[in-house]
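Take a look at the structure set out below.
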Amino acid sequence: MERETQPPSSPVLTVSALNSLARSAIENALPLIWVGGEISNLTRATSGHWYFSLKDERAQVRCAMFRGRNQFVDWQPANGDQVEVRAVPTLYEARGEFQLQVELMRRAGLGALFEAFEKLKQKLSAEGLFDAARKKALPVFPKQLGIVTSPEAAALRDVLTTLRRRAPWLPVVLYPTPVQGKGAGSKIAETIHNAGERAECDVLIVCRGGGSIEDLWAFNEEAVARAIADCPLPVICGVGHETDFTIADFVADLRAPTPTAAAEQVSPSRDQWMQRLTTVQHRLARPLHRLLAARAQQVDMAARRLTHPAQRLQSQHESLAQLARRFGLAHAQTLSRSRWQFDALAHRIAAARPHPSSQQAELGQLQQNLGRAFKRQLENRRAMVEKMASHLEHLNPEAVLARGYSMVKNAQGKVIKSSAQIKLEETVEIRFHQGGAQAKVTKKEN
């Protein structure tokens with residue numbers, strides 16, 4: 001009993017701490033990996049998450065694929081499907097269960113197909129089959145259209161419906177071929193080759209509807225790609241849906257997202273062209289109408305100038321008579337104006353003629369005015385001088401000395417205004433109104 005109650009040598013972990021350590025160890029030890037198996041016990045939670053198991057003949061593992069990841073799966077998995085998942089191995093701590101946290105899911109076997117797709121894509125791209133410089137331009141108004149597809153394909157009905165709506169006059173030649181299954185790729189390539197040799201169409205559409213990557217794999221074969229590249233006709237590829245891409249799309253002269261889009265690309269729309277023609281017609285008619293209106297106006301003006309010679313002579317006589325009358329009136333007005341100007345100048349000359357008697361009286365008056373003004377000015381100047389002399393007399397230092405004041409200077413000749421400027425025993429000079437004296441300072445007061 002004593003041995004059992006002794007405390008352990010290492011600390012005791014809680015279950016949650018243990019699971020946390022285990023989760024960290026698993027996630028650090030195992031990288032992001034691909035795992036293949038059969039789906040079982042698939043559950044789609046109301047939160048949008050998927051929970052299922054992957055199993056093979058000997059084992060199974062729990063998996064969780066959250067809504068943020070499973071929304072990118074473009075198909076609906078079900079129990080029994082063979083799939084490959086890209087996942088992070090981890091531990092669900094709440095239950096202590098080992099599980100895979102799935103990030104990507106695909107059908108089993110697609111990995112090899114994708115690898116083959118990428119290898120062929122890189123090979124053909126290196127050869128220049130995808131270059132834009134080698135792609136042929138599509139005719140604006142094709143005379144005849146060729147379609148390479150299966151007669152039972154829904155894509156053929158979509159293409160024919162679109163052509164009937166947009167360009168019902170356009171003849172169509174069908175080159176039938178299987179578009180799915182074993183050997184479909186070689187048959188598609190042979191059909192494209194035959195259509196190019198017959199050269200009875202201006203453009204060729206290679207199309208089929210959507211499907212899985214296995215269904216569309218015939219259009220990823222090298223024989224089909226080279227047949228499209230070698231075809232002398234412009235080729236439009238409309239295979240699958242908008243998100244589907246095949247090798248044929250890259251090699252074709254134009255890639256359409258759907259068979260319907262391929263038909264729209266190659267067929268001129270009757271309504272659109274009629275609308276464009278109507279617009280051009282209106283644009284041409286407007287300047288033509290303006291030109292016709294301008295020419296009609298010119299014709300009217302020319303017609304008004306066309307008159308009989310006798311009528312023109314009569315009109316000229318009337319014009320000359322009117323000019324003669326205007327000349328006579330202008331001559332009379334000119335003479336009258338000149339006579340008035342002459343009289344005005346005579347009056348001005350008479351008014352400007354000098355009169356000696358009046359000018360002599362005016363000169364005498366001006367002399368008297370000048371004498372009076374000179375006398376007033378002289379008296380004003382004399383009074384000003386006397387006033388200035390009186391001011392100068394008040395400011396004269398000699399006048400101040402005459403009233404009994406004296407001026408004291410030091411040895412340097414500077415006037416002393418304060419006792420602070422002199423020292424004891426200093427000799428100063430005193431100036432009176434008459435004469436001066438020198439004195440020595442024996443006492444000073446501040």
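Quick notes on this structure:
- Residues of the stretch 218-228 that are surrounded by fewer than 19 Cβ atoms within 10 Å (Cβ to Cβ) and either in contact with a strand residue (DSSP E or B) (Cβ under 6 Å, 6 or more places away or on another chain) or not basic (Lys, Arg) (or both): Glu222, Ala223.
- With respect to (1) touching a Phe, Trp or Tyr at 6+ places or on another chain (Cβ under 9 Å); (2) surrounded by fewer than 17 Cβ atoms within 10 Å (Cβ to Cβ); (3) closer than 16 Å to Lys135 by Cβ, the lone exception for Asn194 is condition (3).
- Total residues in the stretch 210-260, condition among the polar types (S, T, N, Q) and in contact with a Phe, Trp or Tyr (Cβ under 8 Å, 6 or more places away or on another chain): 3
- Of the residues making up the stretch 16-47, those that are under 15 Å from Gln101 (Cα atoms), touching a residue at least 60 places away in the same chain (Cβ under 8 Å) and surrounded by 13 or more Cβ atoms within 10 Å (Cβ to Cβ) number 5.
- Qualifying residue in the stretch 114-122 (condition: surrounded by 14 or more Cβ atoms within 10 Å (Cβ to Cβ) and farther than 28 Å from Gly209 by Cβ): no
- Any hit, the stretch 50-70, residues being among the small types (Gly, Ala, Ser), part of a loop (DSSP other than H, G, I, E, B) and under 51 Å from the mean Cα position of the chain (by Cα): no
- Of the residues in the stretch 209-216, at least one is under 15 Å from Thr177 (Cα atoms) and of a type outside the set (Asp, Glu).
- Asp230 vs. criteria in the same structural domain as Glu152 (by TED's automatic domain parsing), charged (D, E, K, R) and closer than 22 Å to Trp75 by Cβ: no
- Scanning the stretch 406-422 for residues that are exposed (fewer than 12 other Cβ atoms within 10 Å of the Cβ) and in a loop (DSSP other than H, G, I, E, B) yields Ala411, Gln412, Gly413, Lys414, Lys417, Ser418.
- Criterion: surrounded by fewer than 13 Cβ atoms within 10 Å (Cβ to Cβ), hydrophobic (A, V, I, L, M, F, W, C) and outside any helix (DSSP H, G or I) - qualifying residue of Ala133, Ala94: Ala94
- Selection within the stretch 197-217: residues that are assigned to a helix (DSSP H, G or I) and charged (D, E, K, R). The member of this set that is surrounded by the fewest Cβ atoms within 10 Å (Cβ to Cβ) is Glu197.
- For the criterion of being in a helix (DSSP H, G or I), of a type in the set (D, E, K, R) and exposed (fewer than 10 other Cβ atoms within 10 Å of the Cβ), Arg337 fails.
- Hey, Ala263 crowded, with 18+ Cβ neighbours inside 10 Å, part of a helix (DSSP H, G or I) and over 40 Å from the mean Cα position of the chain (by Cα) or not: no
- Residue, surrounded by the most Cβ atoms within 10 Å (Cβ to Cβ), within the stretch 74-84, restricted to residues that are in contact (Cβ under 8 Å) with a residue 24 or more places away in the chain and closer than 17 Å to Ile213 by Cβ: Val83
- Yes/no for Val88 being surrounded by fewer than 17 Cβ atoms within 10 Å (Cβ to Cβ) and among the β-branched types (Val, Ile, Thr): yes
- Cross-chain or 6+ apart pairs with Cβ under 6 Å, the stretch 102-126 first and more than 26 Å from Gly80 (Cβ to Cβ), then hydrophobic (A, V, I, L, M, F, W, C) and at pLDDT 90 or above: Leu124/Ala225
- Leu156 closer than 19 Å to Asp253 by Cβ and either of a type in the set (D, E, K, R) or in contact with a Ser or Thr (Cβ under 7 Å, 6 or more places away or on another chain) (or both): no
- Matching residues, the stretch 178-207, being charged (D, E, K, R), touching a residue at least 24 places away in the same chain (Cβ under 8 Å) and touching a strand residue (DSSP E or B) at 6+ places or on another chain (Cβ under 9 Å): Glu200, Asp202
- If the condition is being in contact with a strand residue (DSSP E or B) (Cβ under 9 Å, 6 or more places away or on another chain) and either crowded, with 22+ Cβ neighbours inside 10 Å or at pLDDT 90 or above (or both), then the stretch 230-248 contributes Cys231, Leu233, Pro234, Val235, Ile236, Cys237, Gly238, Val239, Gly240, Thr246, Ala248.
The values are calculated or read from the model by the stated rules, or taken from the named source; none is laboratory data. Treat the numbers as computed from the prediction; the structure is a model and nothing was measured. Note that each Cβ is placed from the backbone with ideal geometry, even for glycine, and that neighbours are counted across all protein chains shown.
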